[in-house]
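Encoded as C-alpha cells, the structure appears first; notes follow it.
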Amino acid sequence: MTLSEMRRWIDVRGLQLTKSLGQNFLHDGNQLRRIVAAADLGARDRILEIGPGLGPLTELLVDTGLPVTAVEKDARLIPILGERFAGRESLALLHRDALEWLQEKPSDWDDWKLVANLPYSVGSPILVELALAPRPPRRMVATLQWEVVQRLVAAPDTDAYGLLTVLVGLQFQSAGSFKVPKDCFFPAPDVESACITLVRRPEPLLPPALIPLYSQIVKTAFGQRRKMLRKLLRNRWTEDQLSPALAAALIPETARAETVDVEGWVHLTRALADTLGRPRNGPTDPAFGVEDRPNES
Ligand code: SAM
C-alpha cells in the first residue's frame, strides 16, 4: 500500500485520523517487509495483528497464506478493511478493543506470532497481556515507541529497567530491534519508533501456576522505585514469609527492585511460594491466578 493509496482511502472516506488511537499508518514498503521478515513465519504459524488500520501490514501477512486474525477498534476502518480484503478467507477481522478482547479469557497462544504496528497508547499493556499468558505466543514482532523498546531491553540498574522489563522478560528475550524513521508513517508521529522482535524463551523460567505470584511480587516491588523492595513487599506479605524467601533467593534485605534481574525475581517467586506453602509445579489453580487480591495463605 503506497502513501498515495493510503491518502486516497482517507480522502474518499473523509476520515479524520484519531491521535488517541495512535493512527500513524506505516506506508514504507521496506520497513513493512522488514517487520514481516522479523516474524520468521513458517507453515505452522498463526498470525495475530493488533490494529490493522488501513491494512498495509495486513496485506503482506495475508499474502503469506497463513491464517491471520486482525483486531481493530475503530469502527470506521472495518468496512474499508472488509472491502480491501474481500474474498481473502485466511483473514479473520474482529472489530474489538484488543486489550479488552485479550483480557476476556486467557487464550492458548502457543502456535501464534504477534506481528503488529501497535497503537502506542496501549502498546505496553497489550504486550504484557500476551507475554504473561500461560501459553504465550512464540514470537512478538511489535513496532512501538522507541522509548518503550529501550525499556524492554534494559539491564538492571539503568533508568529504563523496570516493571515492563521484568513482566515481559519472564517469558521473552529480545532478538533485536531496528528504528523506523518518522517519515515512514502517515502522519509522521511526534515520537521516535522502533520495531522489536521478542522470542519466547525455549524453556519457561516458571510453571504457569506461579506466573500470577511473580506478577504480584514485581508489581508490588516496583511500586516505588527508590524504596527498598522488602519494605514494599511487606505491604502484602509478612516478615515471617518474606525473610526466608529473600534469603533463599539471595536478595539482600536492603535491595531495591531496579537492582534485581529476572532470574532473581524468579528465585524469589519460587522461594515465596515455598514459604506460603503453594505448589511450585502444580497445575494452574484458578484461585491462585487472581491478581491483586490480598494474599491469604
Ligand atoms: N497497522 C497499521 C499500519 O501499520 O499502518 C495501523 C497501525 S496504527 C499505529 C494503530 C492502529 O491500532 C490504528 O488502526 C488504531 O485504530 C488501532 N487501535 C488503537 N487502539 C486499539 C485497540 N485498543 N484495539 C485494537 N486496535 C486499536
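Carbon and sulfur: what percent of the chain's accessible surface (1.4 Å probe)?
Working: 6920 of 13590 Å².
Carbon plus sulfur share of accessible area: 51 percent.
Shape of the stretch 170-280 from its Cα gyration tensor (a ≥ b ≥ c, root eigenvalues): rounded if a/c is under 1.5, otherwise prolate when a/b > b/c, or oblate?
Details: a/c = 3.07, a/b = 1.96, b/c = 1.57.
Taking the square roots of the gyration eigenvalues as a ≥ b ≥ c, the stretch 170-280 is prolate.
Compute the distance in nm between two label points, each set 7 Å from the Cα along the Cα-to-Cβ direction, one at Glu104 and one at Thr18.
The two pseudo-label positions are separated by 1.8 nm.
Can you give the calculated 222 nm mean residue ellipticity of the chain, where each DSSP H run of n ≥ 4 adds -39,500 (n - 2.57) and the sum is split over every residue, rounded to the nearest 500 deg cm²/dmol? Present the calculation step by step, with values, prior to reporting the outcome.
Working: 12 runs with 107 residues, N = 297.
Dividing the helical sum by the residues of the chain leaves -10000 deg cm²/dmol.
Relative contact order for the stretch 208-288: what is it in percent, counting Cα pairs under 8 Å that are at least 6 residues apart? Don't skip to the end; give the middle numbers.
On the way: 94 pairs, mean separation 32.6, N = 81.
Relative contact order, the stretch 208-288: 40 percent.
Calculate, for the chain, the solvent-accessible area per residue in square angstrom, rolling a 1.4 angstrom probe over the heavy atoms of the protein chains. Each step should come with its number before you reach the end.
Numbers: 13590 Å² over 297 residues.
That works out to 46 Å² for each residue.
Compute the separation of the alpha-carbon centres of the stretch 182-210 and the stretch 46-93 and state it in Å as a whole number.
20 Å
When each pair of different Cα atoms in the chain is counted once in the 1/r mean, what is the Kirkwood radius in angstroms, to one decimal?
Numbers: mean 1/r = 0.0490 Å⁻¹.
Kirkwood hydrodynamic radius for the chain: 20.4 Å.
Helix 239-248: angle to the longest alpha-carbon principal axis of the chain, degrees 0 to 90, nearest 10?
Helix 239-248 sits at roughly 80 degrees to that axis.
Under 17 Å between alpha carbons, and skipping anything fewer than 8 positions from Lys231 in its own chain: which aspartates and glutamates qualify?
Glu239, Asp240, Glu253, Glu258
Take every Cα pair under 8 Å in the chain that's 6+ residues apart, average their separations, divide by the length, and report that relative contact order as a whole percent. Write out the running numbers ahead of the final one.
On the way: 509 pairs, mean separation 43.0, N = 297.
Answer for the chain is 14 percent.
Taking only C-alpha pairs under 8 Å that are 6+ residues apart, what is the relative contact order of the stretch 134-201 in percent?
Numbers: 106 pairs, mean separation 30.9, N = 68.
Relative CO of the stretch 134-201 lands at 45 percent.
For a protection proxy built on the mean count of beta-carbon atoms within 10 angstrom, sort 176-184, 47-55, 60-68 highest first, please.
Details: 176-184: 15.4, 47-55: 25.6, 60-68: 18.7.
Per-residue mean Cβ counts within 10 Å order the peptides as 47-55, 60-68, 176-184.
Pop the C-beta distance of Asp157 and Ala92 into the FRET formula with R0 = 51 Å and round what comes out to the nearest 0.05.
Values: r = 44 Å, r/R0 = 0.86.
About 0.70, to the nearest 0.05.
Loop-only trypsin sites (Lys or Arg not before Pro) in the stretch 4-74, please: DSSP not H, G, I, E or B, and at most 16 other Cβ atoms within 10 Å. Can you show the working numbers first?
Details: sites: Arg7, Arg8, Arg13, Lys19, Arg33, Arg34, Arg44, Arg46, Lys73; in loops: Arg13, Arg44, Lys73.
Filter output for the stretch 4-74: Arg13, Arg44.
To the nearest 10 degrees, how steeply does helix 262-276 sit against the main Cα axis of the chain, on a 0 to 90 scale?
It is inclined by approximately 50 degrees.
Helix 3-12 sits at what angle to the longest principal axis of the chain, using alpha carbons and giving 0 to 90 degrees rounded to 10?
Tilt of helix 3-12: around 80 degrees.
What percent antiparallel are the DSSP beta bridges of the chain, to the nearest 5?
Numbers: 17 of 34 bridges.
Beta bridges within the chain, antiparallel portion: roughly 50 percent.
Rounded to the nearest angstrom and ordered from largest down, what semi-axes does the equivalent ellipsoid of the stretch 1-143 get from its C-alpha gyration tensor (root of 5λ)?
Working: eigenvalues 108, 60, 39 Å².
Result for the stretch 1-143: semi-axes of 23, 17, 14 Å.
The values are calculated or read from the model by the stated rules, or taken from the named source; none is laboratory data. Every value quoted in this text rests on a predicted model; they were computed, and no experiment measured them. Every residue, glycine among them, receives a Cβ derived from its backbone with ideal geometry; neighbour counts consider all protein chains shown. For accessibility, only protein heavy atoms count, side chains too; no ligands or nucleic acids. Shrake-Rupley method; radii C 1.70, N 1.55, O 1.52, S 1.80 Å.
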